[in-house]
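Data first, discussion second: the structure below is written as C-alpha cells.
The values are calculated or read from the model by the stated rules, or taken from the named source; none is laboratory data. Fair warning: this is a prediction, and the values are worked out from it, not measured in the lab. Cβ sites come from the backbone with ideal geometry, for glycine too, and all protein chains shown count toward neighbours. These accessible areas exclude ligands, DNA and RNA; they are computed on the full protein's heavy atoms, side chains included. Shrake-Rupley method; radii C 1.70, N 1.55, O 1.52, S 1.80 Å.
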Amino acid sequence: MDHRHWHRVQALFDAAVTQPPANRRQFLRAECGDDTGLLNEVEALLEAHGEVEGLFDGDAILPTLMRLPAGHRLGPYR
C-alpha cells in the first residue's frame, strides 16, 4: 500500500468513525465511489475498531488483570 493510499484510508476511517454507525456505509459509498477495494479496507478497519472498542476501559480489563497471579505474562507484558 503506498503512502497516499494509506492516508486516504486513514482519513476516511477517521471521518467514518465520527458518523453514527447506521450512516457509515452510506457515507463511505459516497466517498469511495466505485473504488470497492478502498471501501472494503475502511469497512474492515471500522469492524476491527468496533470489536476492540472499550476492551481496555478500566471497568472491562481491570477485574481480569486483578485475577492474574504475580509474574504472569500477558503478551509481552508482566
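Quick notes on this one:
- Ala15 being hydrophobic (A, V, I, L, M, F, W, C), open to solvent by less than 60 Å² (accessible area, probe 1.4 Å) and at pLDDT 85 or above: yes
- Pair list, Cβ under 6 Å, 6 or more apart: segment 1-26 residue in contact (Cβ under 8 Å) with a residue 24 or more places away in the chain, other residue among the aromatic types (Phe, Trp, Tyr): Ala16/Phe27
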